[in-house]
Number of protein chains: 2
Amino acid sequence: MAKRIRLAQRVVAESDRLAKDLAGRFNRAGVFVANLMGSPGAGKTALLEETARRLKGELRLAAIEGDLATDRDARRIQSAGIPCRQINTGGGCHLSARQILDAIAEFDLAALDCLFIENVGNLVCPAEFDLGEHCRVVVSSTPEGDDKPIKYPVAFHHADCVVLNKIDLLAATDFSLEAYRRFVRGLRPRIPILELSCRTGEGMEAWLDWVRTQRRTAAVRV
Amino acid sequence: MAKRIRLAQRVVAESDRLAKDLAGRFNRAGVFVANLMGSPGAGKTALLEETARRLKGELRLAAIEGDLATDRDARRIQSAGIPCRQINTGGGCHLSARQILDAIAEFDLAALDCLFIENVGNLVCPAEFDLGEHCRVVVSSTPEGDDKPIKYPVAFHHADCVVLNKIDLLAATDFSLEAYRRFVRGLRPRIPILELSCRTGEGMEAWLDWVRTQRRTAAVRV
């Protein structure tokens, strides 16, 4: 057992070291990096597609897409007009700092304003792994139900921003906005909760403003 | 590295041994056991609630609920009229055979016809862990998008039945039934795909029939 614990500690230490290395590279390049996590189908890729379409003339954007299999999401993001690199994890349930280090070799970070990392669709495991990002964004959606923050508290507890997508489906579900806000704020009292629909565009401006603000304040060129 | 591999092999071997032990207990008791997995909010609990309400007069049912936190789901299932035991995994991303062994100590298995295990909401990790079940059911839902089978192939590849929930939301989404069926059948050519809505009740009878058939044929009292 002691051996197993020492081995696990060594793996975690290596992962933390790589994440620190990444954070240093991001800051030296002055690029704002957001790590998006959420359930499969919450709309992480849709959010990045819409973000790319609306901000690409204003900010220099790029994305990294994490999926078990296929390059569908990277192709969607590229079609929206920004560079995107796909990582396939095989069966892996989250992105690792090592994978991000390999992926950014293809980008000129200093020529970017924002880099979005879309993690594997999973509301549990990605929250445990630092990728050197400035901010973590949890993307959830109304059809998932309003109780997800208290049933999957780890992801929300480590978030810097919560996006609630698919508000156009509110009337078709039993989702209570009041309960959802209360559950999120019970874990993170002052976190921004951005309610929007990538499909209709409602609420997108507040998200774009959050990105603009973070890009100005979170990424410090050193 | 060799040490790490040997340790991992020992953990897997122990997990497999416990799963075999569980399978033996389930067969000796003649209880049919289904392991339900899917994304957070796909509707696994809603499916079990509706199943409990509709079958509890006909079959002796019980359930085990796996969640990171809260006993909300167990209370929902109990309110639907069947015994249910909640497992909280802390941060754990899947249920383990050890947790199921502990949980079934509270049930008289021989007095049950069907035991439903609702795994942690996660379309990745639970597929790697055998719980001694007869069948695995992947529950997905239309708002998640039709491409989930090819993006999360491991869960679907190990499934014995696929439930597509929330077909009442089909018109409000871009979901293509034809694409979804093609993606599922590309992985599992003859698997049943049961399209239903726990909310409206549409399609529920085919699911109940699947449960009845499995209960008769899959669980062999030895």
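FYI, it's all coordinate maths here, none of it is from the lab. On a predicted model such as this, the values are computed, not experimentally measured, just so you know. With ideal geometry, Cβ positions are generated from the backbone for all residues, glycine too; neighbour counts draw on all protein chains shown.
Evaluated over the Cα positions of chain B, the convex hull gives a direction-averaged projected area, one quarter of its surface, of 12.7 nm². What list of ³J(HN,Hα) couplings, whole Hz, do you get for region B:30-45 from phi and the Karplus terms 6.51, -1.76, 1.60, once you set θ to phi - 60° and write x for glycine and proline? In residue order, the calculated couplings are x, 9, 7, 10, 10, 10, 9, 9, x, 4, x, x, 5, x, 5, 5 Hz.
In nanometres and ascending order, the distances from the A:Arg6 label point to those of the other copies are 1.3 (point 7 Å from Cα along Cα→Cβ).
Taking amide H as placed 1.01 Å from N in the peptide plane, B:Glu195 has its amide H under 5 Å from the amide H of B:Leu164, each at least 5 places away in sequence or on another chain. Across chain B, C-alpha contacts under 8 Å between residues 6 or more apart give a mean separation that, scaled by the residue count, equals a relative contact order of 26 percent.
Loop-located trypsin sites (Lys or Arg not before Pro) across region B:137-222 with a Cβ neighbour count of 14 or fewer within 10 Å are B:Arg190, B:Arg221, with loop assigned by DSSP. Just to confirm a number: summing +1 for Lys and Arg and -1 for Asp and Glu over residues other than B:Ala206 whose beta-carbon lies under 14 angstrom from that of B:Ala206, what do you get? Once all neighbours under 14 Å are counted, the net charge is -3.
Using alpha carbon centroids, what distance separates region A:153-180 and region B:52-91, in Å? Each part's Cα centre sits 24 Å from the other's. For A:Gly92, neighbours were defined as the other residues whose beta-carbon sits under 12 Å from its Cβ, and their charges (Lys and Arg +1, Asp and Glu -1) total -1. Rounded to the nearest whole Hz, the Karplus-based 3J(HN,Hα) values (6.51 cos²θ - 1.76 cosθ + 1.60, θ = phi - 60°) of region B:80-96 follow the sequence 7, x, 10, x, 8, 10, 8, 10, 9, 8, x, x, x, 8, 7, 7, 10, with x at glycine and proline.
When the C-alpha to C-alpha distance is required to be over 24 Å, the pairs from A:Lys20/B:Lys151; B:Lys44/B:Lys151; A:Lys44/A:Lys151; A:Lys44/A:Lys148; A:Lys166/B:Lys56 that qualify are A:Lys20/B:Lys151; A:Lys166/B:Lys56. For B:Arg190 and B:Arg75, the FRET efficiency from 1/(1 + (r/R0)^6), where r spans their Cβ atoms and R0 equals 30 Å, is about 0.20.
Using θ = phi - 60° in the Karplus curve 6.51 cos²θ - 1.76 cosθ + 1.60, the 3J(HN,Hα) couplings for region A:176-191 round to 9, 4, 5, 5, 4, 4, 5, 5, 5, 5, x, 8, 9, x, 10, 6 Hz; x is entered for Gly and Pro. For chain A, adding -39500 (n - 2.57) for each run of n ≥ 4 DSSP H residues and dividing by the number of residues yields -12500 deg cm²/dmol at 222 nm. Model label sites at A:Arg98 and B:Glu205, defined 7 Å from Cα along the beta-carbon direction, differ in position by 5.4 nm. Restriction of the GluC sites (Glu not before Pro) in region B:1-73 to DSSP coil positions whose beta-carbon has at most 14 other beta-carbons within 10 angstrom yields B:Glu58.
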